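Below is one structure; the comments refer to it alone.
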Amino acid sequence: MENRVLILGDEFLGEQGEAANRCAEILLCREANRPIQFSINAPAPQSMSQLFARASSDIIGKKAGRIIIGLGLRELRRGGVDYNGVFERYSALADELLSKTLSPLHFLTIPEDMFPQEPSQLKALNERIFELAQRNEKRVFVEDFAAYVAVYKEKQLERGKFGRSLYTEEGKPTSLCNMLLGLFMYDFIIREIK
């Protein structure tokens with residue numbers, strides 16, 4: 001169903017999926033007469049491997065017209081896997097969803113500041129995520145939130161100081177970051193469905 005949006009993510013979308021919920025609320029407030037439904041699985045309690053194993057019920061069974069995916073941060077933070085390992089899981093999930101749904105897939109890039117211990121891991125993962133879109137340009141889209149945040153931070157610097165931080169020292173998103181991501185998702189959802 002074209003009017004059904006599934007948002008799937010880990011702590012990148014907030015400790016309780018705040019960014020996904022804000023996106024849904026903004027869309028429902030600004031587009032009150034638009035028939036749209038949200039299914040939010042953020043933060044997904046499962047690892048990416050478990051999500052892949054449960055994809056038929058937790059993702060494909062939702063019959064979403066559009067799937068937004070923001071995963072990988074949890075796996076990197078837990079360790080034991082680097083950006084290549086996370087990308088392999090991403091790639092397998094993308095292939096499964098492309099073969100068993102007709103839904104467009106929107107993959108979100110993650111700002112490097114969200115993994116302050118090893119920002120290079122997120123930078124490399126984001127670069128690899130763009131490879132997914134190259135494989136299927138008609139149904140796979142990369143929504144570059146990391147670049148959007150970089151522009152936002154430049155604008156903040158023009159003011160001469162940071163009004164409020166986007167992240168905690170551990171890299172967790174603040175309420176400002178959740179709102180910024182919610183608005184970012186709202187903008188591309190509206191662009192795609194109009």
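The values are calculated or read from the model by the stated rules, or taken from the named source; none is laboratory data. Note that the structure is a prediction, hence the values are computed from the model and not measured. Counting neighbours? That spans all protein chains shown, and the Cβs are built from the backbone with ideal geometry, glycine included. Only protein heavy atoms, including side chains, enter the accessible area calculation; ligands, DNA and RNA are left aside. Shrake-Rupley method; radii C 1.70, N 1.55, O 1.52, S 1.80 Å.
Calculate for the chain the 222 nm mean residue ellipticity that helices alone would give, adding -39,500 (n - 2.57) per DSSP H run of length 4 or more and normalising by residue count, nearest 500 deg cm²/dmol.
Result for the chain: -15500 deg cm²/dmol, rounded to the nearest 500.
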Query raised in the report: Which one of ASP113, ASP144, ASP58 has the biggest mean-square fluctuation once the chain is modelled by GNM with Cα springs under 10 Å?
Result: ASP58
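So how do LYS194, LYS100, LYS62 rank on accessible area, 1.4 Å probe, biggest first, that is with the largest at the start?
Details: LYS194 155, LYS100 120, LYS62 85 Å².
Ranking LYS194, LYS100, LYS62 by accessible area, largest first, yields LYS194, LYS100, LYS62.
Hey, with R₀ at 22 Å, roughly what FRET efficiency would LYS172 and ALA150 work out to, going by the Cβ-Cβ distance, to 0.05? Please report the intermediate quantities before stating the final value.
On the way: r = 19 Å, r/R0 = 0.86.
With a Förster radius of 22 Å, E is 0.70.
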Query raised in the report: Using a simple charge model, +1 on the beta-carbon of Lys and Arg, -1 on the beta-carbon of Asp and Glu, nothing else, what dipole does region 16-128 show about its Cα centre, in debye to the nearest 20?
Result: 420 debye
**Report entry** Binned Cα-Cα distances of region 125-194, short to long, each 5 Å bin given as a whole percent
**Finding:** 3, 13, 18, 22, 19, 12, 8, 3, 0
Query - C-alpha center-to-center spacing [region 104-135, region 56-101] in angstrom - result: 13 Å
Query raised in the report: Top to bottom by accessible area (1.4 Å), largest first, where do LEU181, LEU157 land?
Result: LEU157, LEU181
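To the nearest 20 debye, what charge dipole does region 1-50 have about its Cα centre, counting +1 at the Cβ of each Lys and Arg and -1 at the Cβ of each Asp and Glu?
Details: 4 positive and 7 negative charges, 49 e Å.
So the dipole magnitude of region 1-50 works out to roughly 240 debye.
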Requested in this report: Do me a favour and compute the ellipsoid semi-axes for region 71-131 from its Cα gyration tensor, root of five times each eigenvalue, largest one first, whole Å.
Outcome: 22, 12, 9
Query raised in the report: Are there any helices in the chain, counted as whole DSSP H runs, that stretch 24 Å or more along their axis by Cα and score at least 0.5 on average by Kyte-Doolittle, and if so which?
Result: 175-193
Query raised in the report: Leaving out ligands, DNA and RNA, what percent of the accessible area of region 91-194 is carbon and sulfur, probe 1.4 Å?
Result: 52 percent
Query raised in the report: By the gyration tensor of its Cα atoms, with a ≥ b ≥ c the square roots of the eigenvalues, what is the shape of the chain: rounded for a/c under 1.5, prolate for a/b over b/c, or oblate?
Result: oblate
**Report entry** Neighbourhood net charge (14 Å Cβ-Cβ; Lys/Arg +1, Asp/Glu -1) for ARG22
**Finding:** -3
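Under a Cβ-Cβ cut-off of 10 Å, what is the net charge of the residues other than LEU8 that fall near it, where Lys and Arg count +1 and Asp and Glu count -1? If you can, show how the numbers build up before the last one.
Values: positive: LYS62; negative: ASP10, ASP58.
After counting each charged neighbour, the total is -1.
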Requested in this report: Would you mind checking LYS62/LYS138; LYS100/LYS123; LYS138/LYS194; LYS123/LYS172 for any pair whose Cα atoms are more than 19 angstrom apart?
Outcome: LYS62/LYS138; LYS100/LYS123
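Treating the beta-carbon of each Lys and Arg as +1 and of each Asp and Glu as -1, no other charges, what is the dipole magnitude of the chain about its Cα centre, to the nearest 20 debye? Can you show the working numbers first?
Values: 26 positive and 27 negative charges, 121 e Å.
Computed charge dipole of the chain: roughly 580 debye.
With a/c under 1.5 counting as rounded, go ahead and sort region 1-81 into rounded, prolate or oblate using the C-alpha gyration tensor (a ≥ b ≥ c being the square roots of the eigenvalues; past the cut-off, prolate if a/b is larger than b/c, else oblate). Working shown, then result.
Details: a/c = 3.45, a/b = 1.57, b/c = 2.20.
Verdict is oblate for region 1-81.
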Report task. Classify region 26-121 as rounded, prolate or oblate from the Cα gyration tensor: take a ≥ b ≥ c as the square roots of its eigenvalues, call it rounded if a/c is under 1.5, otherwise prolate when a/b beats b/c and oblate if not. Result -> oblate
